[in-house]
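Here the structure is laid out as structure tokens; the discussion comes afterwards.
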There are 4 protein chains.
Amino acid sequence: MIDYRSDNTGRAAPEILEALVRANHDTALGYGADEWTAALQQRFSDLFETAVRVFPVATGTAANALSLAAISPSWGIVYCSEAAHINTSEANAAGFFGGGLKLAPVGGEYGRVVAERLGETLAGVAPGQLHRGQPAAVSVTQASDLGTVYSPAEIRGIAEAAKARGLRLHMDGARFANALARLGCSPAEASWRCGVDIMSFGATKNGGALCDAIVVFAPELADALAVQLRRAGQVWSKMRFASAQLLAYVENGLWLDMARSSNAIAGRIAAGLAGIPGARLTAPVEINEIFLEFPGAVMDALEADGFGFYRRSKTLARFVCRFDATEAEADALLAALRRHLAPAAARAAE
Amino acid sequence: MIDYRSDNTGRAAPEILEALVRANHDTALGYGADEWTAALQQRFSDLFETAVRVFPVATGTAANALSLAAISPSWGIVYCSEAAHINTSEANAAGFFGGGLKLAPVGGEYGRVVAERLGETLAGVAPGQLHRGQPAAVSVTQASDLGTVYSPAEIRGIAEAAKARGLRLHMDGARFANALARLGCSPAEASWRCGVDIMSFGATKNGGALCDAIVVFAPELADALAVQLRRAGQVWSKMRFASAQLLAYVENGLWLDMARSSNAIAGRIAAGLAGIPGARLTAPVEINEIFLEFPGAVMDALEADGFGFYRRSKTLARFVCRFDATEAEADALLAALRRHLAPAAARAAE
Amino acid sequence: MIDYRSDNTGRAAPEILEALVRANHDTALGYGADEWTAALQQRFSDLFETAVRVFPVATGTAANALSLAAISPSWGIVYCSEAAHINTSEANAAGFFGGGLKLAPVGGEYGRVVAERLGETLAGVAPGQLHRGQPAAVSVTQASDLGTVYSPAEIRGIAEAAKARGLRLHMDGARFANALARLGCSPAEASWRCGVDIMSFGATKNGGALCDAIVVFAPELADALAVQLRRAGQVWSKMRFASAQLLAYVENGLWLDMARSSNAIAGRIAAGLAGIPGARLTAPVEINEIFLEFPGAVMDALEADGFGFYRRSKTLARFVCRFDATEAEADALLAALRRHLAPAAARAAE
Amino acid sequence: MIDYRSDNTGRAAPEILEALVRANHDTALGYGADEWTAALQQRFSDLFETAVRVFPVATGTAANALSLAAISPSWGIVYCSEAAHINTSEANAAGFFGGGLKLAPVGGEYGRVVAERLGETLAGVAPGQLHRGQPAAVSVTQASDLGTVYSPAEIRGIAEAAKARGLRLHMDGARFANALARLGCSPAEASWRCGVDIMSFGATKNGGALCDAIVVFAPELADALAVQLRRAGQVWSKMRFASAQLLAYVENGLWLDMARSSNAIAGRIAAGLAGIPGARLTAPVEINEIFLEFPGAVMDALEADGFGFYRRSKTLARFVCRFDATEAEADALLAALRRHLAPAAARAAE
């Protein structure tokens, strides 16, 4: 199969697993009191150009839900995009870890929250109203769940609208590396310098193996989160094996190299689509994801050809490029689309 | 340092990390829909001689808390030993995941629940009483947190007392391998055949790296648990890397070999202690843990000699043997104890 | 002020307070083990023509949230109308008491769930999907939050769609009396005979004072709910004073008399509106609520005249008739609307 | 029956029900935005000689659990007496509303926390320890669950030990009036002036009917609590009927008169016991409760005589005096005890 189903169906970067294996010597205190985890704090503080606290966690769902629980009381409302992973795909983990906090979709485009719409929504909430819960936080997904990227200015606008009302800002960075690779700016510019308080720092979708992380920019949040993570079953006693993965992930820019590569493959496919009639991109291709509308019969044909992808609806397919997807795979997909779509378009044109 | 601080300060078994690395090829569906996780179901069903469902999780705390939440309503009471890890060391994760369920210690000896005491406690709870919550489950720790082992008959007695009142039985098997190595019975005989409904299957403390598991014997519990695990952030999208670890853990009896080895080192130390005056075992040494009472000044001396261990109180030290602890390390500890304790005993005898 | 703001701004029926005062003699066991609460079980079982369990609670929010928590696991999805009070006005109490359960709006009309739309929604949920949570229950509001009434056949259709997938059915009966008064059928026909498992039985909005109730039709739900209510702080130790209110509420058909009266006043207003240009009903007037669209300037004028009502938007006003609203009040409102709207309409027609 | 079973088996003070009935006129905004609730804020602020926020709630369990949830994060530890009602009798409501917070008993005498023991316990908790949760609050019960009273100095000592570690102080004042009547000090001296941050203000046990209250002394806690109460189903839409009860409860010192009366009856019984052999008080009688040890056969005889009381164990009975208990009832109990105990003592002396 040529697999475009997701970026989490793929392998891990060999460098990451090698680092994990290299960490297997001597003894070390448990629950994060080891030298790898200490080095991780320093390494990420350097990377983000500010003192951060980094907490490795098993999954992005844990990172998101526990981050939101750290910045919202249980009676809080967390605003996010309708398409946000936290809203559509995490079994309401945020509601669970947050003790009943409520996610409230805010309008936007291509999976992004728009500052103006957020501002309008907040303007409609009377201070002190009891019946709906209290606005508490905003969550943005960078890159978005429809494969688009916020500019730092857009994030800053959202942060301003949020903070004018005392709300905190969370970034779901499951594909943060892909967003950075697109933006070409520094991690700091795309996060705390735009007002992000806490971040789900994804690795799994971009060549990671068994961990993601929470990066805390607002230092007053960190101590309580440490306890909450412990009771949430997210603190490995042999934490070194998680921290070693995250250290390797960012070592020598590996993470950005991998993101650039998967973005480039997606870009190659998007460029090639221009010459193919009968398929329509439903969102701009800005990272490693392609949302493409074309007839269901062609989906059947592609699957028969051995391509894997995700059917979002009968006529909308999602293709995701892994960090190790190849140009040959991209060209094979384009050829197959051309092969199946051209006759379909010709028939439709008759 | 010669490290007796815990069995989670140690390395992982190289076989386990090698299996993880070997799993890094091709693509596979996420969230457990991969071939490694399918093989894991079969492998553990063979191991336990019955159809089980196995869910890899990041930590023993997650395994315990989510198991208990699966067998108790949020208004339930879960009986356990005063010394149980769930009661003393997991930041009330059970109360959190269980929506406010309450742990209630039951008397026993050496960290074990005693069936008679459990029966008496339950006899004192009127059916339908509202004010204290409803008895829902019992949790036993095998081996116990004081390093002792339940016989299958003891577990069965507890299960009978529990089930006579409609309570479920959970086993915290963080050191299940060590208990099995001691008992010499089959995994089935020590678990579901004694009435265990659900089990935290530990690997980390016995040479594992980044995962433990929940093993479900009562099939009606499994589907709901699968959803709960997803929202608890315990379902890796690249699950293959967890399942591969667990497959390697039990392959060719590795787990039992490691447990036998760490038990043997502890046994060697316990045997050697017989000839050393001034130290007193506070619990029988049945697995890889030694609870030893001796003067604080001798603790200082041992630390100065480069031994690591855990001070439970000013005069009680815990020594835990890792799977790769050596006879030389055991003999070194005995020699140091002899060296420091003999003069102390002599002084005391004067 | 002539007060149309809500049916909870009003007085209580004097009969209900008199009953409360009459209950103030002798001693009685606490927490519902008194003779009034026993009589309530019998009285409501007679009323509903089946053995029910009745639990008095302080508020409708408690009734709704605890009912839903009784029929959904914490990872459950509860389907309801977008306009449902549980979704818009109870500060996500359902999510809180339900440990993170999620409300999911289903399309419909005038605040009602439509069986076909529910069926389609459920058809789109794959059994065993983990990422969104598990469908668990449906909640219908009778009468709806837009003042309309389900026929028993409509409820039955929803129940069938729900139960085909194993979902439970809850009815928020905050205005159940008003719905019954409209339908002219028996309490049984409008509840369990249509498949309702558990019901929030409202009294407060219809002349009650300090309590509503949960009525349990599915007997297997009742014992656990009793414990949950105790810990939810909803079991008065002097329960007699709550049960006496509920007994008086249904005595000699008081509840239906009051509902008929408030419905009739709303009907009188609706009839009178027919001759007044410039105002538009946005939902049929089937109970005691009127949703009326007219210019904001006229709202200002009405308020200046001393009428109270609720502004849902700049051009949509809600008028609610209390059980003791009078025909004179209705006629005064109609006169004022006529006075302010006719010139406005004339101006608009020029 | 002469009823000593509890102070919640009794009637309500007629003045309170009369006030409730008097409040039944005109319309008023719902959910606490009425004039009675506004007056309540002022009246209690006068009573406590500081600006307080008062939230009427349905039950003492709600008052306790929601107060604790307001001063502890979900990973917090709340220290209390082993005998505290929150620990023994509220179905772990604190754990539920607190999202899994944990109650930890601290040693003391007669149901009271002792400052020194609390200090020692806290000294044993390392700052930043993750495994047990974080110390968050202390709860004292005034009067205690064994019928004894803290002096203001004792409360102050506890507050100092707590606040030295950043913990908040809650008072469960289910029998606060009885304690005040005993102490003879002002409400302020017995609460916030000793360091109490938030208080469950009981009325039900002392002649109330259907509500207790939370009194907030630390103003920064109040706004969030208001939202939490709304979603907890503790905000009546017709709040006036609750606030009117609480206003009447304290009007003209009614509450203290009632407490003095029930205390006096208990004191009369205690005094009379001095001359009766064979019964032993297990705690000093300082308010309206008597804990008396005597043979089970005598308990049977008392019940046969028509006395009601609560059997705490086979040889320990609790007698509680209601606000309207009479001297004749006290004398009848003494006579019966004398009648049954003297022969028993004589037999024992043979």
- What does the charge dipole of region D:105-156 about its Cα centre add up to, to the nearest 20 debye, if the Cβ of each Lys and Arg holds +1 and the Cβ of each Asp and Glu holds -1? 140 debye
- For chain D, with a Gaussian network of springs between Cα atoms less than 10 Å apart, report the residue from D:Gly308, D:Gly207, D:Gly30 with the top mean-square fluctuation. D:Gly30
- Message: Would you report the distance distribution of C-alpha pairs in region B:148-198 as whole percents per 10 angstrom bin, up to the bin with the largest distance?
- Response: 27, 57, 15, 1
- Of A:Ala203, A:Ala104, A:Ala224, which has the largest mean-square fluctuation in a 10 Å C-alpha GNM of chain A? A:Ala224
- Query: Pick from C:Met171, C:Met299, C:Met199: which is most flexible by mean-square fluctuation in a GNM of chain C where alpha carbon atoms under 10 Å apart are linked?
  - Reply: C:Met299
- In Å², nearest 10: area of C:Glu120 left accessible to a 1.4 Å probe: 120 Å²
- Query: Which whole-number percent gives the relative contact order of chain C, counting Cα pairs below 8 Å spaced six or more residues apart?
  - Reply: 23 percent
- Net charge of neighbours whose Cβ lies under 10 Å from the Cβ of C:Arg322, counting Lys and Arg as +1 and Asp and Glu as -1: -1
- Query: Which value in nm describes the separation of the simple spin-label points at D:Asn252 and B:Ala274, placed 7 Å from the Cα toward the beta carbon?
  - Reply: 8.5 nm
- Query: Residues of region D:136-153 with amide nitrogen under 16 Å from the 7 Å Cα-to-Cβ point of D:Glu109?
  - Reply: D:144-153
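For A:Gly133, what charge total do you get from the other residues with a beta carbon under 11 Å from its beta carbon, if Lys and Arg give +1 and Asp and Glu give -1?
Working: positive: A:Lys102, A:Arg132, D:Arg230, D:Arg231; negative: C:Glu90.
Summing Lys and Arg as +1 and Asp and Glu as -1 gives +3.
Efficiency by 1/(1 + (r/R0)^6): what FRET value for C:Ala51 and B:Glu116, r their Cβ-Cβ distance, R0 = 51 Å, to the nearest 0.05? Could you put the intermediate results ahead of the total?
On the way: r = 40 Å, r/R0 = 0.78.
With a Förster radius of 51 Å, E is 0.80.
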- Return, for the Cα atoms of region C:16-75, the radius of gyration and Dmax in Å, separated by a comma. 14.5, 46
- Would you tell me the accessible area of A:Glu49, worked out with a 1.4 angstrom probe on the heavy atoms of the protein chains, in Å² to the nearest 10? 100 Å²
- Message: Just to be sure I understand the model, the point goes 7 Å from the Cα along the line to the Cβ. What's the resulting A:Ala153 to A:Ala264 distance in nm?
- Response: 2.9 nm
- For the protein assembly as shown, what is the largest minus smallest coordinate of the Cα atoms on each principal axis, given in angstrom and ordered from greatest to least? 108, 82, 52
- With +1 on each Lys and Arg Cβ and -1 on each Asp and Glu Cβ, and nothing else charged, work out how big the dipole of chain B is about its Cα centre, in Debye to the nearest 20. 680 debye
- Of the DSSP beta bridges with both residues in the protein assembly as shown, give the percent that are antiparallel, rounding to the nearest 5. 50 percent
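Relative to the compact-globule scaling 2.2 N^0.38 Å, provide the ratio for the alpha-carbon radius of gyration of region A:69-196. Display every interim value, and only then the final one.
On the way: Rg = 13.8 Å, N = 128, 2.2 N^0.38 = 13.9 Å.
So the Cα radius of gyration is 0.99 times the expected 2.2 N^0.38 Å.
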- Shortest first and in nm, the label-point separations between C:Ser313 and its counterparts in the other identical copies (7 Å out along Cα→Cβ) come to 2.4, 6.8, 7.0
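Quick check of the Kirkwood formula: for region D:161-285, what is the inverse mean of 1/r over all pairs of different Cα atoms, in Å? Before the final figure, lay out the partial values.
Values: mean 1/r = 0.0595 Å⁻¹.
The answer is 16.8 Å.
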- region B:234-309: radius of gyration and largest Cα-Cα distance (Dmax), Å: 18.3, 55
- Once region D:196-246 is represented by equal point scatterers at the alpha-carbon sites, with solvent omitted, what log10 I(q)/I(0) does the Debye formula produce at q = 0.12, 0.27, 0.33 Å⁻¹? -0.29, -1.16, -1.21
- If you find the alpha carbon centre of region C:1-69 and of region D:57-73, how far apart are they in angstrom? 23 Å
- Give me a single rounded figure for C:12-22: the average over its residues of other chain Cβ atoms within 10 Å of their Cβ. 3
- Query: Where the convex hull is taken over the Cα atoms of region B:281-350, what is its projected area averaged over directions, in nm²?
  - Reply: 4.9 nm²
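Relative contact order, percent, of region B:1-117 when contacts are C-alpha pairs under 8 Å separated by at least 6 residues? List each step's numbers first, then the result.
Numbers: 108 pairs, mean separation 20.1, N = 117.
Computed over region B:1-117, the figure is 17 percent.
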- When the Debye formula is applied to the Cα atoms of region A:205-350, each taken as the same point scatterer, what base-10 log of I(q)/I(0) results at q = 0.08, 0.12 Å⁻¹? -0.35, -0.65
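About its Cα centre, how strong a charge dipole does the protein assembly as shown have in debye, to the nearest 20, once Lys and Arg get +1 and Asp and Glu get -1 at the Cβ? Walk me through the numbers before you get to the answer.
Details: 128 positive and 144 negative charges, 0 e Å.
Dipole about the Cα centre, nearest 20: 0 debye.
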- Message: Taking each residue in C:207-215, count the Cβ atoms of any other chain within 10 Å of its Cβ, then average. What number comes out?
- Response: 4
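Shape verdict for region B:67-129, please, from the Cα gyration tensor: rounded (a/c under 1.5), prolate (a/b greater than b/c) or oblate.
oblate
Using the beta-carbon distance between C:Arg347 and C:Gln129 and R0 = 60 Å, what value does 1/(1 + (r/R0)^6) give for FRET efficiency, to the nearest 0.05? Display every interim value, and only then the final one.
Numbers: r = 57 Å, r/R0 = 0.94.
Efficiency computed from Cβ-Cβ geometry: 0.60.
Can you give the calculated 222 nm mean residue ellipticity of chain B, where each DSSP H run of n ≥ 4 adds -39,500 (n - 2.57) and the sum is split over every residue, rounded to the nearest 500 deg cm²/dmol? Spell out each step's value before the answer.
Numbers: 13 runs with 146 residues, N = 350.
Using -39500 (n - 2.57) per qualifying helix, the result is -12500 deg cm²/dmol.
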- Query: Rounded to a whole number, what is D in µm²/s for region C:1-41 from Stokes-Einstein with the Kirkwood radius over alpha-carbon pairs (25 °C, 0.890 mPa s)?
  - Reply: 191 µm²/s
- Closest Cβ on chain D to the rotation axis that carries it onto A (distance rounded to whole Å): D:Gly99, 2
- Unit charges at the beta carbon, dipole of chain A: most positive-side option, A:His340, A:Ala13, A:Gly99: A:Gly99
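Can you give the mean number of other chain Cβ atoms that lie within 10 Å of the Cβ atoms in peptide D:29-39? The partial results should precede the final answer.
Values: counts 6, 8, 5, 1, 2, 1, 0, 0, 0, 0, 0.
The shielding value for this peptide is 2.
If you wrap chain B's Cα atoms in a convex hull and average its projection over all directions, what's the area in nm²? Walk me through the numbers before you get to the answer.
Values: hull surface 73.1 nm².
Averaged projected hull area, Cα only: 18.3 nm².
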- Between the alpha carbon centres of region A:105-159 and region D:259-337 the gap in Å comes to 64 Å
- Message: Largest first and in whole Å, what are the equivalent-ellipsoid semi-axes of region D:268-307 based on the Cα gyration tensor, each being the root of 5 times an eigenvalue?
- Response: 19, 12, 10
- Query: In square nanometres, what is one fourth of the surface area of the convex hull spanned by the alpha carbons of region A:1-158?
  - Reply: 12.7 nm²
- Message: Once you order the gyration tensor axes a ≥ b ≥ c over the Cα atoms, which shape class does region C:89-159 get: rounded for a/c under 1.5, otherwise prolate or oblate by comparing a/b with b/c?
- Response: oblate
- Message: Residues of region D:116-140 with the amide nitrogen closer than 13 Å to a label point 7 Å from the Cα of A:Ala33, along Cα-to-Cβ, please.
- Response: D:126-132
- Note on the structure: Restricted to chain C, the DSSP antiparallel beta bridge percent, nearest 5, is 50 percent
- Query: Relative to the other copies, what are the label-point distances for A:Ala33, with labels 7 Å from Cα along the C-beta vector, expressed in nm at one decimal and sorted shortest first?
  - Reply: 4.3, 4.9, 5.4
- Note on the structure: homo-copy label distances at C:Asp257 (7 angstrom along Cα-Cβ), nm, one dp, ascending, are 3.6, 8.6, 8.7
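The values are calculated or read from the model by the stated rules, or taken from the named source; none is laboratory data. This is a predicted model, so every value here is computed, not measured. Ideal geometry is used to build each Cβ from the backbone, glycine not excepted, and the neighbour counts take in all protein chains shown. Only protein heavy atoms, including side chains, enter the accessible area calculation; ligands, DNA and RNA are left aside. Shrake-Rupley method; radii C 1.70, N 1.55, O 1.52, S 1.80 Å.
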